[in-house]
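So that we are looking at the same thing, I have put the structure below in structure tokens.
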Amino acid sequence: MFPSLSLKINLGGKIILYLGIILFLIIVLLFLFLSYREDKLIFEEIDRESKALLNQVIIVGKWIGDHGGIYVDKSRDKGSGRYFFSVPGLEHEITDIQGKEYRKKNHAMVLKELSQYSENSHQFHITGSKRLLNPDNIPDISEQKALKSFENGVKEAYWIEEKDHKRVYRYMIPLYTTEGCIQCHGSGHKIGDVIGGISITVPLEGVEKAKFLNKILLVSSACLIVVLMMVVLYYFIRRLVIKPLRKIGELTNHIGRGDFDYSSDLRSGDELEYLSHEFNDMAKKLKISYSHLEEKTHELEQKNKEIENLVSMISHDLKTPIISIGGFTFLLEKTMKDSITSKGKTFLDLIKKNTMRMEGLIEDILRLSSIGKITESYEEVNINDIVNDSIKIFQVELEKNGIDLKVNNALPIIYCDSKWIGHVFTNLINNAIKFIGDHPSPKIRIGYEEKGDFYQFYVEDNGIGVQKEFQERIFDPFQRIYTGKDIEGSGMGLSIVKKILEIHAGKVWVESEKGKGSIFYFTLPKRSKNSKP
């Protein structure tokens with residue numbers, strides 16, 4: 001996903017995108033770490049607070065227990081008085097000299113009433129597992145589990161649970177039997193045994209709400225920081241990287257167009273400025289090299305013209321005596337046909353045949369030397385038309401030899417030199433006909449396939465084939481395949497085909513086995529009128 005997306009945006013966008021992803025991941029990890037630390041610290045703070053409060057409650061209860069209880073104003077006491085226990089030598093109710101009545105309460109009752117005062121905040125609860133005197137002290141399920149763990153030597157218990165559809169934190173410690181406990185609860189306990197426990201309940205609603213708001217604030221701050229950092233980074237990346245690179249890009253474009261006098265005035269004071277200076281120096285060197293290259297090219301063009309003129313002159317000079325030889329042979333045969341022996345006629349036929357072959361060879365040499373000019377006449381050509389024209393040329397030979405020639409599929413339209421591409425097909429079809437051999441069902445097939453930026457054409461036959469050792473050499477000038485028969489040709493045809501295709505930015509090769517036919521493949525690039533040949 002990201003690679004395909006990154007190809008559609010510029011360099012600055014890519015840098016910002018990748019840095020934004022990295023920053024986002026870092027902040028997410030940081031957020032998770034801080035959230036974990038926050039939860040841990042909140043839990044530790046609640047735990048400390050619970051222990052501190054519970055410690056105060058225990059101290060108060062111990063003080064009351066050590067003093068045998070406390071007296072409270074009976075008129076203001078809302079307790080029912082059902083759970084006042086007999087302690088030898090202590091009165092449950094007393095009256096002072098003013099007639100005011102007081103009721104005595106033990107530490108358990110005091111702690112019970114204190115817990116009622118804290119119903120809306122931190123609540124604590126005294127409970128036990130044996131000989132309960134107050135039904136309100138019956139342990140709930142969680143407290144029962146904690147009491148069992150206390151009996152097994154555990155010193156404290158804490159957990160989080162749902163209570164009245166709200167989450168609470170609960171902390172509980174064991175209460176051990178003392179002499180005062182035995183006085184009230186009876187002799188069924190031993191001093192030091194776990195007689196019960198005291199738990200404190202801390203509501204988490206306010207804490208969790210504050211924690212949630214804090215996380216929202218943290219996430220919002222993180223997003224704002226990422227956005228601000230990306231904006232700042234984008235500004236500096238554009239200023240320090242993108243703009244200098246664009247200037248260097250402009251410089252390379254001018255160099256690519258041959259404008260070597262253009263130079264960049266980049267002043268960034270960093271590696272990009274150094275790179276810009278290097279490009280400027282390269283432009284100067286290229287200008288000098290280009291000037292030398294133009295001189296060499298001009299010299300080469302002049303030499304090529306001289307070579308072309310020389311080839312043309314030599315060809316003309318060679319053709320003149322050959323034509324004369326042909327003419328004299330004709331005259332000799334016409335004027336002295338009655339006196340020429342059969343052996344002489346054979347010699348005359350050999351002279352005529354070699355003269356014609358020499359003329360064809362000279363024509364092929366002239367054709368090969370003129371192929372370099374074909375790029376001046378490129379046009380969009382329907383290859384079907386070219387192939388059909390080539391087939392018409394060999395119609396007589398095809399029918400005479402009973403050859404089944406078919407085009408396997410509709411051929412494409414290509415921007416090329418129609419004359420020379422026609423020569424390629426004509427030459428390959430001609431070769432296929434010449435080397436079809438004595439096959440009882442001779443066939444020639446023509447077609448193509450698309451191969452990326454190229455069209456790959458083929459001319460296939462089921463003729464005599466080409467031996468492996470000759471498959472590369474047949475494209476060299478003057479190379480001919482030995483078949484045991486005298487087959488016409490100069491040995492220049494396939495070398496001309498190779499040069500035509502090379503100039504068209506294509507290539508040609510053959511795949512064959514002796515006696516199993518041949519497939520000549522060649523490629524032509526896909527290009528339009530706006531493409532350079």
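The values are calculated or read from the model by the stated rules, or taken from the named source; none is laboratory data. The model shown is predicted, which means the values in this text are computed figures rather than measured ones. FYI the Cβ positions are ideal-geometry reconstructions off the backbone, even for glycines, and counts take in every protein chain you see. SASA here: full protein model, heavy atoms, side chains in, ligands and nucleic acids out. Shrake-Rupley method; radii C 1.70, N 1.55, O 1.52, S 1.80 Å.
Can you tell me which residues in the stretch 249-274 are open to solvent by 70 Å² or more (accessible area, probe 1.4 Å) and at pLDDT 75 or above?
GLU250, ASN253
Restricting attention to the stretch 165-192, report how many residues are out of contact with any Asp or Glu (no Cβ under 6 Å at 6 or more places or on another chain), at pLDDT below 80 and not in a helix (DSSP H, G or I).
Of the residues in the stretch 165-192, 8 are out of contact with any Asp or Glu (no Cβ under 6 Å at 6 or more places or on another chain), at pLDDT below 80 and not in a helix (DSSP H, G or I).
Of all the strands (runs of 3 or more DSSP E) wholly in the stretch 37-131, which have at least 2 residues that are within 18 Å of GLY196 (Cα to Cα), at pLDDT 70 or above and in contact with a Pro (Cβ under 8 Å, 6 or more places away or on another chain)?
Ranges flagged: 123-128.
Within the stretch 18-33, which residues are surrounded by 15 or more Cβ atoms within 10 Å (Cβ to Cβ) and either under 18 Å from the mean Cα position of the chain (by Cα) or farther than 21 Å from VAL231 by Cα (or both)?
LEU19, GLY20, PHE31, listed by residue number.
Ok, one more. Which count do you get for residues in the stretch 381-404 that are in a strand (DSSP E or B) and either hydroxyl-bearing (Ser, Thr, Tyr) or surrounded by fewer than 18 Cβ atoms within 10 Å (Cβ to Cβ) (or both)? Let's see the steps before the verdict.
Residues of the stretch 381-404 that are in a strand (DSSP E or B), as a first pass: 381-382, 404.
In the following step, the residues that additionally are either hydroxyl-bearing (Ser, Thr, Tyr) or surrounded by fewer than 18 Cβ atoms within 10 Å (Cβ to Cβ) (or both) were identified as 382, 404.
Residues in the stretch 381-404 being in a strand (DSSP E or B) and either hydroxyl-bearing (Ser, Thr, Tyr) or surrounded by fewer than 18 Cβ atoms within 10 Å (Cβ to Cβ) (or both): 2 in total.
Could you please let me know if LYS155 is open to solvent by 50 Å² or more (accessible area, probe 1.4 Å), of a type in the set (Lys, Arg), assigned to a helix (DSSP H, G or I) and modelled with pLDDT of 80 or more?
no
Can you tell me which residue is surrounded by the most Cβ atoms within 10 Å (Cβ to Cβ) among those in the stretch 212-224 that are in contact (Cβ under 8 Å) with a residue 24 or more places away in the chain and among the hydrophobic types (A, V, I, L, M, F, W, C)?
Restricting attention to the stretch 212-224, the residues satisfying the condition of being in contact (Cβ under 8 Å) with a residue 24 or more places away in the chain are 214-215, 218-219, 222.
Right, trim to among the hydrophobic types (A, V, I, L, M, F, W, C) and you get 218-219, 222.
Working: LEU218: 16, VAL219: 14, ALA222: 18.
So the residue we want is ALA222.
Run TYR378 past the list (1) at pLDDT below 90; (2) in contact with a strand residue (DSSP E or B) (Cβ under 8 Å, 6 or more places away or on another chain); (3) surrounded by fewer than 18 Cβ atoms within 10 Å (Cβ to Cβ); (4) not β-branched (Val, Ile, Thr) and report the number of the one that doesn't hold.
(3)
Are any residues in the stretch 445-473 in contact with an Asp or Glu (Cβ under 7 Å, 6 or more places away or on another chain), closer than 17 Å to LYS516 by Cα and open to solvent by 30 Å² or more (accessible area, probe 1.4 Å), and if so, which ones?
ARG445, the sole residue that qualifies.
Just to be sure before I move on: is PRO442 of a type outside the set (A, V, I, L, M), open to solvent by less than 40 Å² (accessible area, probe 1.4 Å) and touching a Gly at 6+ places or on another chain (Cβ under 7 Å) in the structure I sent?
In short, yes.
Let me ask something additional. Under the condition of being in contact (Cβ under 8 Å) with a residue 40 or more places away in the chain and open to solvent by 50 Å² or more (accessible area, probe 1.4 Å), which residue from the stretch 225-240 is farthest from the chain's Cα centre (by Cα)?
Looking only at the stretch 225-240, we keep the residues that are in contact (Cβ under 8 Å) with a residue 40 or more places away in the chain, and these are 225-226, 229-230, 233-234, 237-238.
In the following step, the residues that additionally are open to solvent by 50 Å² or more (accessible area, probe 1.4 Å) were identified as 225, 229-230, 233-234, 238.
Working: ILE225: 28, MET229: 26, MET230: 23, LEU233: 24, TYR234: 23, ARG238: 25 Å.
The selected residue is ILE225.
What about ASN280, is it more than 30 Å from LEU25 (Cα to Cα) and within 32 Å of the chain's Cα centre (by Cα)?
No: the conditions fail for ASN280.
Okay, moving on. So for the stretch 405-419 (the condition being open to solvent by less than 40 Å² (accessible area, probe 1.4 Å), within 50 Å of the chain's Cα centre (by Cα) and aromatic (Phe, Trp, Tyr)), does at least one residue qualify?
The answer is yes, given that some residue of the stretch 405-419 is open to solvent by less than 40 Å² (accessible area, probe 1.4 Å), within 50 Å of the chain's Cα centre (by Cα) and aromatic (Phe, Trp, Tyr).
Then there is this: Could you check the stretch 132-141 and list, in sequence order, the residues that are within 25 Å of THR178 (Cα to Cα) and modelled with pLDDT of 75 or more?
Within the stretch 132-141, ASN137, ILE138, PRO139, ASP140 meet the criteria.
Would you please name the residue that is farthest from ILE322 (Cα to Cα), looking only at residues in the stretch 333-349 that are of a type in the set (Val, Ile, Thr) and open to solvent by 80 Å² or more (accessible area, probe 1.4 Å)? Walk me through it before giving the result.
Initial filter on the stretch 333-349 (of a type in the set (Val, Ile, Thr)): 335, 340-341, 346.
From what is left, the residues that are open to solvent by 80 Å² or more (accessible area, probe 1.4 Å) are 335, 341.
Numbers: THR335: 20, THR341: 24 Å.
Only one residue fits best here, namely THR341.
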